[in-house]
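Novice: Mind looking over this structure? Questions follow.
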Amino acid sequence: MRWLTILPFFLQVMVAPAQEVWTLERCIRTGLEHDLSVRRADLQAGSARLEQKRWTYAMLPTLNANLSGGYQFGRTIDPTSNSFIEATTTFGNGQVNASLLVFDGLRVRNSRRQAKYEALAADETVEDTRNMTALQVATDYIRILMAEELVTTAKGQREQASIQLEQTERLVNAGLRPEAERLAMASQLAQSEYQLLLRENERD
């Protein structure tokens with residue numbers, strides 16, 4: 001799943017120091033830098049472009065040159081008298097080859113055209129993968145913000161329920177309210193604490 005490649009990044013954001021602020025832009029940029037799907041698409045696009053260049057170069061003429069030489073001295077056989085003589089010999093060889101592809105049944109031309117379209121398709125795949133990753137990061141970013149807001153709201157509700165319970169307990173102890181109201185407020189506080197626990201689990 002794609003979210004498995006982005007999840008470690010968000011875990012780092014969640015455990016970051018409280019004073020560090022991660023904007024949506026920063027999250028998307030970091031997600032694009034570390035997402036494995038984006039990296040894989042970039043590598044495949046680079047490979048497709050190299051294949052396109054290879055077939056482009058296959059249509060160019062080739063030129064090869066080779067030079068060799070040597071120096072020989074000492075005793076050798078004279079071919080005219082068939083006797084040994086002292087001689088010094090130098091020699092050199094040179095070779096130049098050139099080739100040009102004239103016709104090969106349009107194999108190179110069609111392969112070059114195919115490589116061109118595959119490179120274009122790979123570039124589109126990169127763009128699509130980057131867009132999908134950015135959308136996933138933005139969705140998770142908004143989800144985390146909403147979860148944090150729900151936790152804050154739940155904390156406020158718990159604090160309010162705690163204050164109401166204290167006020168009710170004072171009124172009950174003074175004989176101005178029945179015991180049932182204190183039990184109701186205690187139940188409301190317990191419900192608020194339960195909701196807060198649920199929201200914190202959803203956030204984490």
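Novice: Every residue in segment 150-185 that is charged (D, E, K, R) and either more than 30 Å from Asp204 (Cβ to Cβ) or open to solvent by less than 60 Å² (accessible area, probe 1.4 Å) (or both), please.
Specialist: Matches in segment 150-185: Glu169, Arg170, Arg177, Glu179, Glu181, Arg182.
Novice: Which of the residues spanning segment 126-137 are open to solvent by 20 Å² or more (accessible area, probe 1.4 Å) and either within 23 Å of Val21 (Cα to Cα) or aromatic (Phe, Trp, Tyr) (or both)?
Specialist: Matches in segment 126-137: Ala134, Leu135, Gln136.
Novice: Return the pair list, or none, for Cβ contacts closer than 9 Å from residues in segment 173-184 that are on the phi < 0 side of the Ramachandran plot and in a helix (DSSP H, G or I) to residues that are surrounded by 14 or more Cβ atoms within 10 Å (Cβ to Cβ) and polar (S, T, N, Q), at least 6 apart or on different chains.
Specialist: Glu181/Thr168; Arg182/Thr168; Ala184/Thr168
Residues are listed down the side, and each one gets a yes or a no for (1) touching a residue at least 12 places away in the same chain (Cβ under 8 Å); (2) open to solvent by less than 40 Å² (accessible area, probe 1.4 Å):
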{"site": "Thr30", "(1), (2)": "yes, yes"}
{"site": "Glu33", "(1), (2)": "no, no"}
{"site": "Ala41", "(1), (2)": "yes, yes"}
{"site": "Gln44", "(1), (2)": "yes, no"}
{"site": "Gln52", "(1), (2)": "yes, no"}
{"site": "Leu60", "(1), (2)": "no, no"}
{"site": "Leu63", "(1), (2)": "yes, no"}
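Novice: OK, next. Identify the single condition in (1) open to solvent by 90 Å² or more (accessible area, probe 1.4 Å); (2) more than 30 Å from Ala190 (Cα to Cα) that Leu101 does not satisfy, given that it satisfies every other one.
Specialist: Answer for Leu101: the failing condition is (1).
Novice: Further question: Within the set of pairs 6+ apart or on separate chains, which have a first residue in segment 80-106 that is at negative phi and small (Gly, Ala, Ser), a second that is at pLDDT below 75 and in a strand (DSSP E or B), and C-beta atoms under 9 Å apart?
Specialist: That search, which allows pairs on different chains as well, returns Ser83/Ile77; Ala87/Gln72; Ala87/Phe73; Ala87/Gly74; Ala87/Arg75; Ala87/Thr76.
Novice: Same structure, new question: Just a yes or no: is a residue in segment 151-172 without any contact (Cβ under 8 Å) to a residue 60 or more places away in the chain and either touching a strand residue (DSSP E or B) at 6+ places or on another chain (Cβ under 6 Å) or within 30 Å of Gly46 (Cβ to Cβ) (or both)?
Specialist: Checking segment 151-172: not a single residue is without any contact (Cβ under 8 Å) to a residue 60 or more places away in the chain and either touching a strand residue (DSSP E or B) at 6+ places or on another chain (Cβ under 6 Å) or within 30 Å of Gly46 (Cβ to Cβ) (or both).
The values are calculated or read from the model by the stated rules, or taken from the named source; none is laboratory data. None of the values given here were measured: they were computed from a predicted structure. When we count neighbours, we look across all protein chains shown, and the Cβ atoms used for this are built from the backbone with ideal geometry, even at glycine. These area figures cover heavy atoms from the full protein model, side chains too; ligands, DNA and RNA do not enter into them. Shrake-Rupley method; radii C 1.70, N 1.55, O 1.52, S 1.80 Å.
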